[in-house]
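Have a look at the structure below, then the notes.
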Amino acid sequence: MTYAALVSLLTLRNNLGQLDRYKILQGVAYLQNKDGSFRAGPSCSESDMRFVYSAVCVCYILNDFSLIDVPKLLTYIRNSLTYEGAFGSGSCGTEGHAAYTFCATASLVLLDKLNQALKPEEINQIRRWCLYRQIGGFTGRANKLEDTCYSYWVGATLSMLGSTDLSDCKENIEYLLHNQNPIIGGVGKTDNEYPDPLHTFMGIAGLSLAHYENLDRVYPALTMTENAFVHLQNVQKSW
(Lines give C-alpha, C1' and ligand atoms only; values in the text may rest on other atoms or scores of the structure.)
Protein backbone atom coordinates (compact mmCIF):
# COMPACT_ATOMS: atom_id res chain seq x y z
CA MET A 1 0.00 0.00 0.00
CA THR A 2 2.92 2.36 0.73
CA TYR A 3 4.32 1.81 -2.74
CA ALA A 4 0.91 2.34 -4.38
CA ALA A 5 0.37 5.52 -2.36
CA LEU A 6 3.73 6.96 -3.44
CA VAL A 7 3.10 6.20 -7.12
CA SER A 8 -0.39 7.71 -6.86
CA LEU A 9 1.02 10.90 -5.30
CA LEU A 10 3.66 11.21 -8.02
CA THR A 11 1.09 10.61 -10.74
CA LEU A 12 -0.92 13.47 -9.24
CA ARG A 13 2.23 15.64 -9.39
CA ASN A 14 2.66 15.82 -5.62
CA ASN A 15 6.17 16.72 -4.43
CA LEU A 16 6.09 14.30 -1.44
CA GLY A 17 7.03 17.24 0.76
CA GLN A 18 4.59 16.33 3.54
CA LEU A 19 5.97 12.82 3.98
CA ASP A 20 8.29 11.75 6.78
CA ARG A 21 10.61 9.93 4.42
CA TYR A 22 12.90 8.55 7.11
CA LYS A 23 10.00 7.05 9.09
CA ILE A 24 8.72 5.34 5.96
CA LEU A 25 12.17 3.92 5.25
CA GLN A 26 12.46 2.71 8.85
CA GLY A 27 9.13 0.96 8.47
CA VAL A 28 10.28 -0.78 5.31
CA ALA A 29 13.57 -1.87 6.92
CA TYR A 30 11.66 -3.33 9.89
CA LEU A 31 9.81 -5.64 7.50
CA GLN A 32 12.95 -7.25 6.08
CA ASN A 33 13.42 -10.89 7.04
CA LYS A 34 16.69 -12.62 7.88
CA ASP A 35 16.84 -14.20 4.41
CA GLY A 36 16.64 -10.78 2.73
CA SER A 37 12.96 -10.96 1.76
CA PHE A 38 10.20 -8.68 3.08
CA ARG A 39 6.93 -9.25 4.92
CA ALA A 40 3.66 -7.61 3.95
CA GLY A 41 3.28 -5.93 7.36
CA PRO A 42 4.48 -5.97 10.99
CA SER A 43 2.03 -8.66 12.11
CA CYS A 44 1.93 -10.56 8.79
CA SER A 45 3.87 -13.71 8.00
CA GLU A 46 3.18 -13.47 4.26
CA SER A 47 6.46 -12.99 2.44
CA ASP A 48 7.29 -13.31 -1.26
CA MET A 49 8.65 -11.45 -4.28
CA ARG A 50 5.73 -9.00 -4.40
CA PHE A 51 6.83 -7.44 -1.13
CA VAL A 52 10.47 -7.42 -2.22
CA TYR A 53 9.44 -5.35 -5.23
CA SER A 54 7.26 -3.02 -3.17
CA ALA A 55 10.09 -2.43 -0.68
CA VAL A 56 12.62 -1.75 -3.42
CA CYS A 57 10.23 0.68 -5.13
CA VAL A 58 9.69 2.62 -1.90
CA CYS A 59 13.43 2.88 -1.28
CA TYR A 60 14.05 3.91 -4.88
CA ILE A 61 11.34 6.57 -4.84
CA LEU A 62 12.60 7.96 -1.53
CA ASN A 63 16.16 7.71 -2.88
CA ASP A 64 17.66 5.76 0.03
CA PHE A 65 18.63 2.08 0.22
CA SER A 66 20.87 2.54 3.26
CA LEU A 67 18.45 1.10 5.85
CA ILE A 68 17.92 -2.28 4.17
CA ASP A 69 20.36 -5.16 3.70
CA VAL A 70 20.89 -5.07 -0.07
CA PRO A 71 23.39 -7.99 -0.28
CA LYS A 72 20.94 -10.33 1.49
CA LEU A 73 18.15 -9.05 -0.72
CA LEU A 74 20.17 -9.80 -3.86
CA THR A 75 20.90 -13.31 -2.60
CA TYR A 76 17.19 -13.89 -1.99
CA ILE A 77 16.27 -12.72 -5.48
CA ARG A 78 18.97 -14.80 -7.11
CA ASN A 79 17.96 -17.91 -5.15
CA SER A 80 14.41 -17.48 -6.48
CA LEU A 81 15.51 -18.13 -10.06
CA THR A 82 13.95 -21.40 -11.21
CA TYR A 83 15.21 -24.15 -13.51
CA GLU A 84 12.80 -22.81 -16.16
CA GLY A 85 14.68 -19.54 -16.46
CA ALA A 86 12.11 -17.42 -14.59
CA PHE A 87 11.55 -16.32 -11.00
CA GLY A 88 9.27 -17.94 -8.46
CA SER A 89 7.64 -16.49 -5.36
CA GLY A 90 10.67 -17.15 -3.17
CA SER A 91 13.84 -19.15 -2.71
CA CYS A 92 12.19 -22.51 -2.11
CA GLY A 93 12.02 -24.10 -5.56
CA THR A 94 8.63 -22.71 -6.57
CA GLU A 95 7.32 -22.58 -10.13
CA GLY A 96 8.32 -19.72 -12.39
CA HIS A 97 5.58 -17.09 -12.62
CA ALA A 98 5.27 -13.98 -14.80
CA ALA A 99 4.33 -11.58 -12.00
CA TYR A 100 7.16 -12.76 -9.74
CA THR A 101 9.55 -12.62 -12.69
CA PHE A 102 8.54 -9.01 -13.25
CA CYS A 103 8.95 -8.19 -9.55
CA ALA A 104 12.41 -9.75 -9.39
CA THR A 105 13.62 -8.23 -12.65
CA ALA A 106 12.29 -4.77 -11.81
CA SER A 107 13.87 -4.93 -8.36
CA LEU A 108 17.27 -5.71 -9.89
CA VAL A 109 16.84 -2.91 -12.43
CA LEU A 110 15.95 -0.38 -9.71
CA LEU A 111 18.89 -1.55 -7.61
CA ASP A 112 21.10 -1.23 -10.71
CA LYS A 113 22.24 -4.81 -10.12
CA LEU A 114 20.69 -6.75 -13.02
CA ASN A 115 23.97 -7.50 -14.75
CA GLN A 116 25.78 -8.04 -11.47
CA ALA A 117 23.27 -10.47 -9.98
CA LEU A 118 22.60 -12.46 -13.15
CA LYS A 119 24.84 -13.96 -15.81
CA PRO A 120 24.20 -13.02 -19.47
CA GLU A 121 22.90 -16.51 -20.20
CA GLU A 122 20.46 -16.24 -17.26
CA ILE A 123 19.12 -12.94 -18.58
CA ASN A 124 18.68 -14.58 -21.98
CA GLN A 125 16.78 -17.45 -20.33
CA ILE A 126 14.40 -14.97 -18.69
CA ARG A 127 13.87 -13.28 -22.05
CA ARG A 128 13.21 -16.63 -23.72
CA TRP A 129 10.80 -17.74 -20.97
CA CYS A 130 8.83 -14.52 -21.34
CA LEU A 131 8.61 -14.80 -25.11
CA TYR A 132 7.32 -18.35 -24.78
CA ARG A 133 4.42 -17.03 -22.68
CA GLN A 134 2.79 -15.41 -25.71
CA ILE A 135 -0.18 -17.00 -27.44
CA GLY A 136 -1.94 -13.85 -28.62
CA GLY A 137 -1.81 -12.15 -25.26
CA PHE A 138 0.38 -13.67 -22.56
CA THR A 139 0.06 -16.43 -19.99
CA GLY A 140 1.50 -16.27 -16.49
CA ARG A 141 2.87 -19.81 -16.31
CA ALA A 142 3.44 -22.79 -18.55
CA ASN A 143 0.27 -24.61 -19.67
CA LYS A 144 -2.05 -21.79 -18.51
CA LEU A 145 -4.48 -19.60 -20.41
CA GLU A 146 -3.98 -15.97 -21.38
CA ASP A 147 -4.96 -13.21 -18.95
CA THR A 148 -5.02 -9.45 -19.45
CA CYS A 149 -2.70 -8.73 -16.52
CA TYR A 150 0.12 -10.82 -17.96
CA SER A 151 0.33 -8.57 -20.99
CA TYR A 152 1.74 -6.10 -18.49
CA TRP A 153 3.79 -8.40 -16.25
CA VAL A 154 5.46 -10.12 -19.20
CA GLY A 155 5.44 -7.05 -21.42
CA ALA A 156 7.12 -4.93 -18.76
CA THR A 157 9.79 -7.57 -18.16
CA LEU A 158 10.54 -7.74 -21.88
CA SER A 159 10.66 -3.94 -22.00
CA MET A 160 13.21 -3.78 -19.17
CA LEU A 161 15.30 -6.37 -21.04
CA GLY A 162 15.07 -4.34 -24.27
CA SER A 163 13.13 -7.09 -26.00
CA THR A 164 9.60 -5.77 -26.60
CA ASP A 165 10.00 -5.94 -30.37
CA LEU A 166 10.81 -9.66 -30.18
CA SER A 167 7.19 -10.24 -29.14
CA ASP A 168 4.16 -9.87 -31.42
CA CYS A 169 2.83 -6.49 -30.28
CA LYS A 170 0.02 -6.52 -32.86
CA GLU A 171 -1.35 -9.82 -31.54
CA ASN A 172 -1.09 -8.59 -27.95
CA ILE A 173 -2.95 -5.36 -28.78
CA GLU A 174 -5.74 -7.28 -30.49
CA TYR A 175 -6.06 -9.59 -27.51
CA LEU A 176 -6.29 -6.70 -25.03
CA LEU A 177 -8.79 -4.72 -27.07
CA HIS A 178 -10.94 -7.85 -27.38
CA ASN A 179 -11.14 -8.03 -23.57
CA GLN A 180 -12.94 -4.68 -23.35
CA ASN A 181 -16.55 -4.76 -22.21
CA PRO A 182 -18.59 -3.14 -25.02
CA ILE A 183 -21.53 -2.29 -22.72
CA ILE A 184 -20.14 -0.94 -19.44
CA GLY A 185 -16.54 -0.28 -20.48
CA GLY A 186 -13.37 -1.37 -18.77
CA VAL A 187 -11.24 -4.44 -19.36
CA GLY A 188 -11.72 -7.88 -17.85
CA LYS A 189 -9.36 -10.73 -17.09
CA THR A 190 -10.55 -12.37 -20.31
CA ASP A 191 -13.23 -11.55 -22.88
CA ASN A 192 -15.90 -13.40 -20.86
CA GLU A 193 -15.10 -11.86 -17.47
CA TYR A 194 -16.57 -8.69 -16.01
CA PRO A 195 -14.20 -5.71 -16.11
CA ASP A 196 -12.47 -4.59 -12.92
CA PRO A 197 -10.07 -1.73 -12.07
CA LEU A 198 -6.99 -3.97 -11.78
CA HIS A 199 -7.31 -5.57 -15.20
CA THR A 200 -8.37 -2.29 -16.79
CA PHE A 201 -5.20 -0.68 -15.46
CA MET A 202 -3.02 -3.62 -16.49
CA GLY A 203 -4.66 -3.71 -19.90
CA ILE A 204 -4.01 -0.02 -20.58
CA ALA A 205 -0.43 -0.31 -19.29
CA GLY A 206 0.08 -3.38 -21.48
CA LEU A 207 -1.24 -1.49 -24.50
CA SER A 208 1.21 1.31 -23.78
CA LEU A 209 4.13 -1.12 -23.65
CA ALA A 210 2.96 -2.61 -26.97
CA HIS A 211 3.20 0.89 -28.54
CA TYR A 212 -0.56 1.44 -28.86
CA GLU A 213 -1.31 4.91 -30.16
CA ASN A 214 -2.25 7.95 -28.05
CA LEU A 215 -1.27 6.47 -24.68
CA ASP A 216 1.32 7.85 -22.28
CA ARG A 217 4.41 5.69 -22.25
CA VAL A 218 5.02 3.57 -19.17
CA TYR A 219 8.22 3.42 -17.12
CA PRO A 220 8.02 -0.31 -16.42
CA ALA A 221 10.37 -0.73 -13.47
CA LEU A 222 8.13 1.45 -11.26
CA THR A 223 4.81 0.80 -13.04
CA MET A 224 4.16 4.49 -13.58
CA THR A 225 4.02 6.75 -16.60
CA GLU A 226 7.23 8.21 -17.96
CA ASN A 227 5.80 11.65 -17.14
CA ALA A 228 5.44 10.63 -13.49
CA PHE A 229 8.99 9.24 -13.53
CA VAL A 230 10.38 12.54 -14.85
CA HIS A 231 8.44 14.31 -12.09
CA LEU A 232 10.01 11.94 -9.53
CA GLN A 233 13.49 12.75 -10.81
CA ASN A 234 12.79 16.46 -10.42
CA VAL A 235 11.41 15.92 -6.90
CA GLN A 236 14.52 13.95 -5.89
CA LYS A 237 16.77 16.77 -7.12
CA SER A 238 15.04 19.13 -4.68
CA TRP A 239 15.91 17.00 -1.62
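Values computed for the structure shown
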| read-out | value |
| --- | --- |
| The chain - percent relative contact order, Cα under 8 Å, separation 6 or more | 15 percent |
| Sulfur and carbon atoms: percent of accessible area, the chain [1.4 Å] | 51 percent |
| The chain - accessible surface per residue (Å², probe 1.4 Å) | 51 Å² |
| Separation between Cα centres of segment 157-186 and segment 1-56, rounded to whole Å | 29 Å |
| Gained length - R141 relative to A40, 0.36 nm times residue gap less alpha-carbon distance | 34.0 nm |
| Segment 62-155 - Debye-derived log10 I(q)/I(0), Cα point model, q = 0.21 Å⁻¹ | -1.01 |
| Inter-label distance, nm, simple model (7 Å from Cα along the C-beta direction), Q233/T2 | 2.6 nm |
| Lysines whose Cα lies under 30 Å from that of K144, excluding same-chain neighbours fewer than 8 positions away | K119, K170, K189 |
| Under Karplus coefficients 6.51, -1.76 and 1.60, residue-wise ³J(HN,Hα) of segment 95-104 in Hz, glycine/proline x | 6, x, 9, 4, 5, 5, 5, 4, 4, 5 |
| Solvent-accessible ranking of E95, E213, largest area first, probe 1.4 Å | E213, E95 |
| Stretchable slack from N63 to Y132, in nm (0.36 nm times residue separation minus alpha-carbon distance) | 21.3 nm |
| Mean ellipticity per residue at 222 nm, deg cm²/dmol - from DSSP H runs of n ≥ 4 across the chain, formula -39500 (n - 2.57) | -15000 deg cm²/dmol |
| Two-site label geometry, E193 and E226: point separation in nm, points 7 Å out along Cα→Cβ | 2.9 nm |
| Difference of contour (0.36 nm per residue) and Cα-Cα distance, N214 to Y22 | 65.3 nm |
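The values are calculated or read from the model by the stated rules, or taken from the named source; none is laboratory data. Keep in mind the model is a prediction, meaning the values are calculated, not measured. We place every Cβ from the backbone using ideal geometry, glycine too, and count neighbours over all the protein chains shown. Protein only, heavy atoms only, side chains kept; ligands, DNA and RNA dropped before computing areas. Shrake-Rupley method; radii C 1.70, N 1.55, O 1.52, S 1.80 Å.
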